[in-house]
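> Below is the structure I would like to discuss, written out as structure tokens.
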Amino acid sequence: MHEMGIAEQLAQIAIDSIPADIENPKVEIVNLRIGKMAAIVEHSLTFCFEIIVKDTPLEGARLEIDFVPVMVHCTGCDNEWEVEGPVFQCPNCKEGKVEMLSGREIQITSIELV
Amino acid sequence: MEINIQKNVLEANETEADRNRKYFNENNVFVLNMMSSPGSGKTETLCKTLTKLAPKIRVGVLVGDICTTNDADRLAVTGAKVLQINTDQFGGDCHLAAHVVEKYALELGCEDLDLLIVENIGNLVCPAEFDIGEDAKAVMLSVTEGEDKPLKYPVIFQVADIAILNKIDLLPYLDFDAGLAVENMKKVHPQIPVFEIAAKTEEGLEPWIQWLKEKVAQKIGRK
């Protein structure tokens, strides 16, 4: 349940990003990019977010999540592929060192105000 | 109206982790983040390991649990400087965040240490997500848990620098296939070094202790 901590950080960044000159701001959508290997459970994050943002300009805001595929690169044979299961072995050379290109990010990309 | 942000949500933790890294580097202390599920034998492994490192290597341990000082009490007899972190002060967290490690590392004091081991909360999910400013991450699995755990919890095995398979002294009494467990670890993280040990009988401890000694020497060599 580290989603509570993530929701807190996320709400803080979103609130800090609202321009000070807007009167009674109301955020409708929070856009996120979350890697498929970021160990975030969507409904846990949404549940925590709803609790955290009560009585703030984010109350009622919807989390729109763009899930980022797990892309990896094999330094042995230069192969690049998307990992869809837990297996990270290079399907080409089987033994190269695998580095992750994407799939672990937890980013807030934008907020949309009413 | 859309406001562009493009920020890492874990930025605050990463800033704090960077601050920890700077503090650890200034003191040339090698920091290992030890992670596993509860009961896999982290504390027992440390008890046996630390007595073999002292007094040549000066060791500190931050040990995280939701409650009790049981682990700190067990580790104190090794001669290491030990501090218990109880996360119930922080909402019963399931992992140690960088700011928690910072608070306790400063309280413990790293100026007179060569090695700091952070025994994370027993959990195979959340600790993997949080950088604490460590030099390396170790993940431990014990033979009473099931060979497929690396496939079920791939993230922690992916981010770890080394893996330890503990309690191999129990293999004759179990159906556990150690070869398959190591194979599964390598499927998730092809290059991961795996140390097969039995903390209780001290079987296989030497290569793991040697790894620690080398890492500490490399860090001290930076002075």
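The values are calculated or read from the model by the stated rules, or taken from the named source; none is laboratory data. The structure displayed is predicted, hence computed values, not measured ones. Every residue, glycine as well, gets a Cβ built from its backbone with ideal geometry; the counts of neighbours run over all protein chains shown.
> Taking the stated definitions as given, is residue B:149 within 13 Å of chain A (Cβ to nearest Cβ) and in contact with a strand residue (DSSP E or B) (Cβ under 8 Å, 6 or more places away or on another chain)?
Here the answer is yes, as residue B:149 does meet what is asked.
> Let me ask something additional. Just one of the numbered conditions (1) assigned to a helix (DSSP H, G or I); (2) surrounded by fewer than 20 Cβ atoms within 10 Å (Cβ to Cβ); (3) within 14 Å of chain A (Cβ to nearest Cβ) is not true of residue B:192; which one?
(1)
Per-residue answers, yes or no, for (1) facing chain B (nearest Cβ under 7 Å); (2) out of contact with any Lys or Arg (no Cβ under 7 Å at 6 or more places or on another chain); (3) crowded, with 20+ Cβ neighbours inside 10 Å:
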{"position": "A:10", "(1), (2), (3)": "yes, yes, yes"}
{"position": "A:13", "(1), (2), (3)": "yes, no, no"}
{"position": "A:22", "(1), (2), (3)": "no, yes, no"}
{"position": "A:42", "(1), (2), (3)": "no, yes, no"}
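> When you look at residue B:155, is it touching an Asp or Glu at 6+ places or on another chain (Cβ under 8 Å) and β-branched (Val, Ile, Thr), yes or no?
Considered against the rule, which asks whether it is touching an Asp or Glu at 6+ places or on another chain (Cβ under 8 Å) and β-branched (Val, Ile, Thr), residue B:155 comes out as yes.
> All but one of (1) in a loop (DSSP other than H, G, I, E, B); (2) more than 11 Å from chain B (Cβ to nearest Cβ); (3) not charged (D, E, K, R) hold for residue A:65; which doesn't?
Failed condition: (1).
> Let me confirm something: among A:60, A:96, A:76, which residue is closer than 21 Å to residue B:157 by Cβ, without any contact (Cβ under 8 Å) to a residue 40 or more places away in the chain, more than 8 Å from chain B (Cβ to nearest Cβ) and in a loop (DSSP other than H, G, I, E, B)?
None of the others qualify; the one that does is A:76.
> Right, next: Taking residue B:4 as the residue in question, decide whether it is polar (S, T, N, Q), within 14 Å of chain A (Cβ to nearest Cβ) and touching a Phe, Trp or Tyr at 6+ places or on another chain (Cβ under 9 Å).
Judged against the criteria, residue B:4 is not a match.
> Out of all the residues in segment B:40-57, which are farther than 19 Å from residue B:204 by Cβ and either among the β-branched types (Val, Ile, Thr) or modelled with pLDDT of 95 or more (or both)?
If the condition is that a residue be farther than 19 Å from residue B:204 by Cβ and either among the β-branched types (Val, Ile, Thr) or modelled with pLDDT of 95 or more (or both), then B:57 is the only one that fits.
> Out of everything in segment A:24-53 that is β-branched (Val, Ile, Thr) and touching a Leu at 6+ places or on another chain (Cβ under 7 Å), what residue ends up being nearest to residue B:155 (Cα to Cα)?
The qualifying residue nearest to residue B:155 (Cα to Cα) is A:46.
> So which of A:4, A:71, A:37 is hydrophobic (A, V, I, L, M, F, W, C), modelled with pLDDT under 95 and not in a loop (DSSP other than H, G, I, E, B)?
A:4
> Six or more apart or on different chains, Cβ under 6 Å: which pairs go from a residue in segment A:12-27 that's among the aliphatic types (A, V, I, L, M) to one that's in a strand (DSSP E or B)? Could you list them?
A:13/A:108; A:13/B:7; A:14/A:30; A:14/A:111; A:27/A:111; A:27/A:113
> Hey, among B:151, B:180, B:171, which residue is touching a Gly at 6+ places or on another chain (Cβ under 9 Å) and assigned to a helix (DSSP H, G or I)?
Criteria check complete, one pass: B:151.
> (1) modelled with pLDDT of 95 or more; (2) within 13 Å of chain B (Cβ to nearest Cβ): which one isn't true of residue A:87, the others all being true?
Of (1) modelled with pLDDT of 95 or more; (2) within 13 Å of chain B (Cβ to nearest Cβ), only one is false for residue A:87: (1).
> Further, regarding this structure: Need at least 2 residues that are crowded, with 17+ Cβ neighbours inside 10 Å and under 14 Å from the mean Cα position of the chain (by Cα) per element, so show me which strands (runs of 3 or more DSSP E) inside segment B:18-126 make the cut, counting only ones lying wholly within it.
Correct list: B:30-36, B:59-65, B:115-119.
> Looking at (1) closer than 23 Å to residue B:23 by Cβ; (2) surrounded by fewer than 23 Cβ atoms within 10 Å (Cβ to Cβ); (3) at pLDDT 85 or above, which is the only condition residue B:138 fails?
(2)
> Out of curiosity, is residue B:56 free of Cβ contacts under 8 Å to residues at least 60 places away in the same chain, within 14 Å of chain A (Cβ to nearest Cβ) and of a type in the set (D, E, K, R)?
Answer is no for this residue.
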